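Single-structure report; data block below.
Any read-out appearing in this document is the output of simple, stated calculations on the displayed coordinates, not a laboratory observation. What you see is a predicted model, and the numbers here were worked out from it, not measured in a lab. Cβ placement follows ideal geometry from the backbone for every residue including glycine, while neighbour counts extend to all protein chains displayed.
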């Protein structure tokens, strides 16, 4: 069920702004219904404090696991496109390797939906960056390189020294730990902003938990997950 709150203010705009701040979302992400307005006030209530109440409901598309759990329709690459994408990457990585530590090796794996690239060396931490920021930027560059001269969009998945598997394990452990805290304290917990790929890991890990629900709030690049008890 979509999350609802009742917000109050001296004016409709004030009530809405308070509600948006509480939900930590933008106005376009909620449905708003005015419950009590100050438009019609009786003679006897004219001296009473002015109060406007609005009901705010998170839109379904934003509250139900943000649709991040659902699989996107994959583009299917022909064998010729797979070969061309691999050749583009091979040419780029062969030159790029000269700028990396001498022991760096790379592997390119073709697939009809995605091209996988692995970079291996104990000294590539600078290419991963804080929480994988540099890695994901590099992944976008490789996707553009792979798609040169190809009509279809080519998706490249990059991993460096098994970082993604390690990060997934860290996030899954975090999800379980926070879920236990939420169940024990009965209070919702907001996680720090994460990339869509990482939010999907959290959503998926807790999807089967009958006591917990997860929702994504906020806008990129500050979008984050809220873990709370099911109502």
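Observations, loosely collected:
- Distance between the pseudo-spin-label points of residue 189 and residue 33 (7 Å out from Cα toward the beta carbon): 3.3 nm.
- Crossing angle, helix 196-206 versus the chain [Cα axis fit, 0-90 degrees, rounded to tens]: 70 degrees
- Within the chain, percent of DSSP bridges classed antiparallel, to nearest 5: 85 percent
- Entry note, the chain: relative contact order of 17 percent, from Cα contacts under 8 Å with a spacing of 6+ residues.
- Rounded to the nearest 10 degrees, the inclination of helix 79-96 to the longest alpha-carbon principal axis of the chain is 80 degrees.
- Taking every DSSP bridge with both residues inside the stretch 79-161, close to 50 percent are antiparallel.
- Note on residue 229 and residue 98: with the Förster distance fixed at 45 Å, the Cβ-Cβ geometry gives a FRET efficiency of about 0.25.
- Label separation (residue 110 vs residue 220): 3.0 nm, computed from points 7 Å beyond Cα along the C-beta direction.
- Helix axis angle, 163-185 relative to the chain longest principal axis, alpha carbon, degrees: 20 degrees
- Alpha carbon convex hull of the stretch 53-212, projected area averaged over orientations, nm²: 12.7 nm²
- Extension gain (nm, one decimal) between residue 24 and residue 120, 0.36 nm per residue minus Cα-Cα: 30.6 nm
- Summarising the label geometry, the points placed 7 Å from Cα in the beta-carbon direction at residue 57 and residue 181 lie 3.2 nm from one another.
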